[in-house]
Amino acid sequence: MSVAQLVKGCPLFHEIYDEEIEEIIKDCFVASFKPGDLIIKQGDTSSDICVILTGEAEVVVHKGTSKFSIVKLGRGDLFGELVLINETQRTADIVAIEETDILVMTYENFFSHFSTKPQVFALMILNVTRLITKRLKASNLKIEELAQQLNQEKAA
């Protein structure tokens with residue numbers, strides 16, 4: 001299966017034609033990781049945007065001596081997108097759970113489409129905005145759930 005076929009279902013490429021996806025990913029590269037490998041380290045600085053092609057990874061946040069598993073990522077999931085809004089410090093670890101291949105797109109590669117394919121660039125920005133909004137809504141729901149649990153515990 002080609003890289004283009006693997007990323008086709010990724011939210012970043014929603015509503016983008018196959019030939020345009022091929023053009024976008026031609027300057028990207030694929031990185032492979034074994035189970036337990038650290039793909040991204042919390043606190044590091046980087047400007048890469050990544051899509052999981054195969055395998056599974058986990059988002060882990062460290063606070064002091066504690067660590068919290070936030071979510072599992074699988075095929076088509078995107079991470080590192082905050083670099084697009086000028087946030088280059090990584091906010092979590094990304095750890096491979098199983099053998100995992102990722103497509104790596106640099107910030108420069110992403111923004112090169114602004115001048116060469118403005119409509120495709122606009123769609124990718126819209127898709128990233130949709131993804132961030134979806135994650136924000138899920139976070140808000142989780143915060144509400146935790147607040148209700150806390151209030152119930154206080155009342156008991």
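The values are calculated or read from the model by the stated rules, or taken from the named source; none is laboratory data. All values reported here derive from a predicted model rather than from experimental measurement. Here Cβ is always computed from backbone atoms with ideal geometry, including for glycine, and neighbour counts include all displayed protein chains.
Listing for the model above:
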| read-out | value |
| --- | --- |
| Yes/no for THR129 being exposed (fewer than 15 other Cβ atoms within 10 Å of the Cβ), of a type in the set (S, T, N, Q) and not in a helix (DSSP H, G or I) | no |
| Residue that is farthest from LEU123 (Cα to Cα) [pool: residues in region 1-50 that are part of a helix (DSSP H, G or I) and free of Cβ contacts under 8 Å to residues at least 12 places away in the same chain] | GLN5 |
| Odd one out for SER32 among (1) small (Gly, Ala, Ser); (2) at pLDDT below 95; (3) under 30 Å from LYS117 (Cα atoms) | (2) |
| Residue that is surrounded by the fewest Cβ atoms within 10 Å (Cβ to Cβ) [pool: residues in region 1-35 that are among the aromatic types (Phe, Trp, Tyr) and more than 15 Å from the chain's Cα centre (by Cα)] | TYR17 |
| Listing of strands (runs of 3 or more DSSP E) fully contained in region 54-123 that carry 1 or more residues being surrounded by 16 or more Cβ atoms within 10 Å (Cβ to Cβ), without any contact (Cβ under 8 Å) to a residue 40 or more places away in the chain and touching a Ser or Thr at 6+ places or on another chain (Cβ under 7 Å) | 57-63 |
